[in-house]
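Below is one structure, written out as structure tokens, with a few remarks after it.
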Amino acid sequence: MKHTLFDLTYGRTATLPINFTVETYPVQPINKKNFQEILQRKAYILLSTLKEKRHIAASHIEHSQALQKEKHDNKLPPVTNKFKVENKVLLHRTKTEKQWSGKFEHKWDGPFYIHKILDNRLYKLRLNDKVLVKVAHGDRLKHYYSRNNFELLISQISTHFSLVNPEDIFRNLEPIIIIKQQSNLNT
């Protein structure tokens with residue numbers, strides 16, 4: 001059963017202005033003799049049911065909040081830390097994201113090292129030996145790859161392709177090129 005705020009505050013339903021002009025509920029005739037008795041009975045009924053109504057409303061609120069939290073948590077991806085301590089990372093400069101005056105400036109600061117992993121994908125960063133005061137969220141970080149790693153990768157790729165004879169590659173492509181040329185002449 002749902003309760004209104006007025007019901008939970010005062011323990012009764014609100015009396016609307018229309019209730020004064022159109023009688024919507026039976027009213028006991030009140031005289032001086034039974035006025036005190038009616039007033040005490042009404043106060044007792046209101047106070048005895050008010051605590052119970054508030055308790056029921058609080059349990060309904062707790063239940064609905066638990067359901068909302070469960071739905072929200074189910075939508076979130078699982079929390080995983082994609083960085084480890086001593087990884088090199090770049091930190092995104094979110095201040096310049098919406099500013100067009102510095103569109104040619106660097107959008108990433110760093111490289112930094114991961115100093116410590118905190119809760120909820122938060123990381124403490126350090127630059128050489130100086131630990132930064134502010135923490136950074138994992139969404140603002142990306143892995144940093146130094147040029148030495150790229151040069152090593154390029155040299156590995158070039159040695160791999162140097163083992164393949166380029167004439168063999170073009171020899172396999174020649175029939176395809178000839179077929180395409182003949183099909184263009186026929187149309």
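Just so it is clear, none of the values below were taken in a lab; they were calculated from the coordinates. Computed from a predicted structure; not experimentally measured. Cβ placement follows ideal geometry from the backbone for every residue including glycine, while neighbour counts extend to all protein chains displayed.
The table that follows gives values for the structure above.
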| quantity | calculated |
| --- | --- |
| Protection proxy ranking, peptides 82-94, 48-60, average beta carbon neighbours within 10 Å, highest first | 82-94, 48-60 |
| Cross-link pairs beyond the 32 Å C-alpha cut-off, checked among LYS75/LYS98; LYS69/LYS116; LYS51/LYS75; LYS71/LYS130; LYS75/LYS107 | LYS51/LYS75; LYS71/LYS130 |
| Proximal lysines to LYS103, defined as alpha-carbon separation beneath 18 angstrom and excluding residues fewer than eight positions away on the same chain | LYS95 |
